[in-house]
Amino acid sequence: MAVTARPHDLLRLSGAAALQDTSPAWVPASITACPWGVVRRAPHPPGLVPIGIRGTERWQRHAALVPTGAVIRSVPPEELRGRRPWLPLLAVTLSAVALLLAGELDAGAAWGPIGGVGFELATGQPVTHPGSDLDLLIRAPHRLDRTLARRLTAVFAALPGPVDCQLETPGGGVGLTEWARTGGPVMARTDHGPHLVDDPWAPA
């Protein structure tokens, strides 16, 4: 399939044979049991996609490269926002987020759950626990006003469960709470590492 892989997209893989590196012993078994990876930010040659692989233990995380031909399906976070986690607190929090963002974001923006919740909703594999945050991604191709960022940060802080939100901007991934601060540069995460930028929407 043709793959347009963006950070935080979930990819279903053809199997452990797709891996392009020497993996820890737990990785092939993990991919066999749950053949999914999440697109990460990293330099990569054409035809390969950088992914993160999750094991059954919290310390089991592995960075790998897979050929685009090994990708069976791609699931972006925004496809998952209508689903609900199996833990009630996370489900209630995600429902509140959906109600809030429906009235706050412009037509060009999209959002969805990432992290453990996103992985769980895409794969059907329970990975969250009572202490899990609800990680969110807001794709913001156009400038998100800092006043709105501060309002969202305040509302998220008052929800039943903890929320950690990242903005996907033309200049990279930026934390919502960091952008909500008044003035000063912010840390943008890119394929080539983190960079301090004054305006992640400014033309490169």
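The values are calculated or read from the model by the stated rules, or taken from the named source; none is laboratory data. In this text the structure is predicted, and so the values were computed from the model without any measurement. Cβ sites come from the backbone with ideal geometry, for glycine too, and all protein chains shown count toward neighbours. Ligands, DNA and RNA are excluded from the accessible area calculation, which covers all protein heavy atoms including side chains. Shrake-Rupley method; radii C 1.70, N 1.55, O 1.52, S 1.80 Å.
For the range 121-201, which whole-number percentage of the solvent-accessible area (1.4 Å probe, protein heavy atoms only) is attributable to carbon and sulfur atoms?
55
Accessible area per residue for the range 1-113 in Å², computed with a 1.4 Å probe and the full protein assembly in place, what is it?
50
Tell me the relative contact order for the range 14-117 as a rounded percent, counting alpha carbon contacts under 8 Å between residues six or more apart.
The value is 22 percent.
Of the listed values [x] 18.5, 60; [y] 19.5, 64; [z] 17.1, 48, grab the one calculated as Rg and Dmax of the Cα atoms in Å from the structure here.
Given [x] 18.5, 60; [y] 19.5, 64; [z] 17.1, 48, the structure-derived one carries the label [z].
Whole-Hz Karplus ³J(HN,Hα) for the range 39-44, in order, using 6.51 cos²θ - 1.76 cosθ + 1.60 and θ = phi - 60°, x for Gly and Pro?
5, 10, 8, 5, x, 7
Output ³J(HN,Hα) for the range 176-185: one whole-Hz value per residue in order, computed from phi by the Karplus curve 6.51 cos²θ - 1.76 cosθ + 1.60 with θ = phi - 60°, and x for Gly and Pro.
4, 5, 5, 5, 6, 4, 7, x, x, x
Using only the heavy atoms of the protein chains and a 1.4 Å probe, how would T56, T128 rank by accessible area, largest first? Write out the running numbers ahead of the final one.
Details: T56 125, T128 15 Å².
Order by accessible area, largest first: T56, T128.
Just to be sure I understand the model, the point goes 7 Å from the Cα along the line to the Cβ. What's the resulting A102 to H142 distance in nm?
2.2
Does a label point 7 Å from the Cα of D133, set along Cα-to-beta-carbon, have any residues of the range 48-74 with amide nitrogen under 11 Å, and which are they?
Correct set: none at all.
Roughly how many Å is it from the Cα centre of the range 18-92 to that of the range 146-204, as a whole number?
Each part's Cα centre sits 24 Å from the other's.
Using 0.36 nm per residue, how much length does the chain from V92 to A63 gain when fully extended, once their Cα-Cα distance is taken away? Each step should come with its number before you reach the end.
On the way: separation 29, 0.36 × 29 = 10.44 nm, distance 3.18 nm.
Stretched out fully, the V92 to A63 stretch lengthens by 7.3 nm.
Taking H as built 1.01 Å from N, whose amide H comes closer than 5 Å to the amide H of I72, not counting residues under 5 places away?
Result for I72 returns R12, L13, S14.
Rounded to the nearest 0.05, what FRET efficiency do S23 and D191 give with R0 = 25 Å and r taken as the Cβ-Cβ distance? Could you check?
The formula returns an efficiency of 0.70 here.
For the range 25-144, just say rounded, prolate or oblate: build the C-alpha gyration tensor, square-root its eigenvalues into a ≥ b ≥ c, call rounded for a/c under 1.5, and beyond that prolate if a/b exceeds b/c, oblate if not. Kindly include the intermediate steps, with their values, before the conclusion.
Values: a/c = 2.35, a/b = 1.32, b/c = 1.79.
It comes out oblate by the Cα gyration axes.
So what is the relative contact order of the chain, in percent, for Cα pairs below 8 Å that sit 6 or more residues apart?
Answer for the chain is 17 percent.
Amide H to amide H under 5 Å from V163: which residues, 5+ apart in sequence or cross-chain, H placed 1.01 Å off N in plane?
Under 5 Å from the amide H of V163 lie the amide H atoms of L134, each far enough along the sequence or on another chain.
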